[in-house]
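For reference, the structure discussed in these notes is given below.
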Amino acid sequence: MDSKRIVESAEYKPPLWQRLGWMVMIYVGSVAALGVFAMLIRLFMQAAGMRSH
């Protein structure tokens, strides 16, 4: 009986819109995190006296 439950859960696949939604959320989150990291590096570099121009 437990093996049937495992097979049923393995065959479950969320709808396409939900899978694409997660992909978009992960992408937007990673781009935002990268932007914050880049701004922090720029802030620290400016505090150390480095200028971009």
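What residue, of Ser30, Ser52, is at pLDDT below 85 and hydroxyl-bearing (Ser, Thr, Tyr)? Don't jump to the end; show me each part of the working.
Numbers: Ser30 fails: at pLDDT below 85.
The unique qualifying residue is Ser52.
Which of the residues belonging to the range 19-53 are surrounded by fewer than 10 Cβ atoms within 10 Å (Cβ to Cβ) and among the polar types (S, T, N, Q)?
If the condition is that a residue be surrounded by fewer than 10 Cβ atoms within 10 Å (Cβ to Cβ) and among the polar types (S, T, N, Q), then Ser52 is the only one that fits.
The values are calculated or read from the model by the stated rules, or taken from the named source; none is laboratory data. Everything numeric in this text was worked out from a predicted model, so none of it was measured. Reconstructed Cβ throughout: ideal geometry from the backbone, glycine too, with neighbour counts over all protein chains shown.
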